[in-house]
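The values are calculated or read from the model by the stated rules, or taken from the named source; none is laboratory data. On a predicted model such as this, the values are computed, not experimentally measured, just so you know. A quick note on method: Cβ atoms are made from the backbone with ideal geometry, for glycine too, and the neighbour counts reach across all protein chains shown. Just so you know, the surface numbers come from the protein's heavy atoms only, side chains and all, with ligands and any DNA or RNA stripped out. Shrake-Rupley method; radii C 1.70, N 1.55, O 1.52, S 1.80 Å.
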Amino acid sequence: MRSSYFTFKGQTSLYVFVAVLFLVGVIFGALMVNALSLEQRQDLEGYLGNFFMTVQHSAQVTETGAYWDIAMLHLKWVGLIFILGLSVVGLPGILVLDFLKGVLIGFTVGYLVGQYSWKGLLFALVSVAPHNLFVIPILLICSVAAMTFSLYIIRNRVLMQRTPGRQRPFASYIVLTLVMAALLLGVASFETWVTPAMMRWVTPMLLPA
């Protein structure tokens, strides 16, 4: 992998930038919880109450269709990052996606903790954290690869600055994206069959007596 165009060495600054952007999104999402109106909080509380009841009384066997729904959601996210990386104008869109991913996670965890205290934190640890420990690094790797390829296009096609020793960056970009997509398929299987079992273990604590 030393000859690959998309190596960690030389891309450290991009990884740091994307990671910081994601963390800013998480903080922003957590702060958004405080901006919710009373009506919005009541709507969310009712939705979560129904969700907890559904999880608690759902069957132990999960349909295969649910796996593909989850897998396609992850693959669409990676696919969108891949497509944005193919164009120069898509570079800001990659950053927006990373920020939004952080906002979604920050808002979810922030609301659960704010509404249910330590029980909400426990539920977040079993429902949000496990698969995202893999999903987030994969998305960050895909984002940096997409940004790197987009910058490559700018240098070599727009500015006409040929970079010596950088062979077949497009092929490397495709291979890396396919590898990350394959990893997401494995993560989706964990999210489909393992995560619901852990959620069923915690949800009785969140249901009203």
Please work out which residue is farthest from residue 108 (Cα to Cα), limiting yourself to segment 25-40 and to residues that are open to solvent by less than 70 Å² (accessible area, probe 1.4 Å) and assigned to a helix (DSSP H, G or I).
25
Of 88, 78, which residue is under 30 Å from residue 151 (Cβ atoms), in contact with a helix residue (DSSP H, G or I) (Cβ under 9 Å, 6 or more places away or on another chain) and not in a helix (DSSP H, G or I)?
88
The residue from 184, 133, 178 that alone is within 23 Å of residue 23 (Cα to Cα) and either loosely packed, with under 14 Cβ neighbours inside 10 Å or at pLDDT below 95 (or both) is 133
Matching residues in segment 62-93 - criterion: being within 18 Å of residue 187 (Cα to Cα) and modelled with pLDDT under 85:
62, 63, 64, 65
Counting just the residues of segment 116-137 that are in contact (Cβ under 8 Å) with a residue 40 or more places away in the chain and over 15 Å from the mean Cα position of the chain (by Cα), which one comes out nearest to residue 192 (Cα to Cα)?
126
If you take the residues in segment 61-104 that are over 19 Å from residue 177 (Cα atoms) and acidic (Asp, Glu), which one is least open to solvent (accessible area, probe 1.4 Å)?
69
Count - residues of segment 98-122 that are out of contact with any helix residue (DSSP H, G or I) (no Cβ under 8 Å at 6 or more places or on another chain) and among the hydrophobic types (A, V, I, L, M, F, W, C):
1
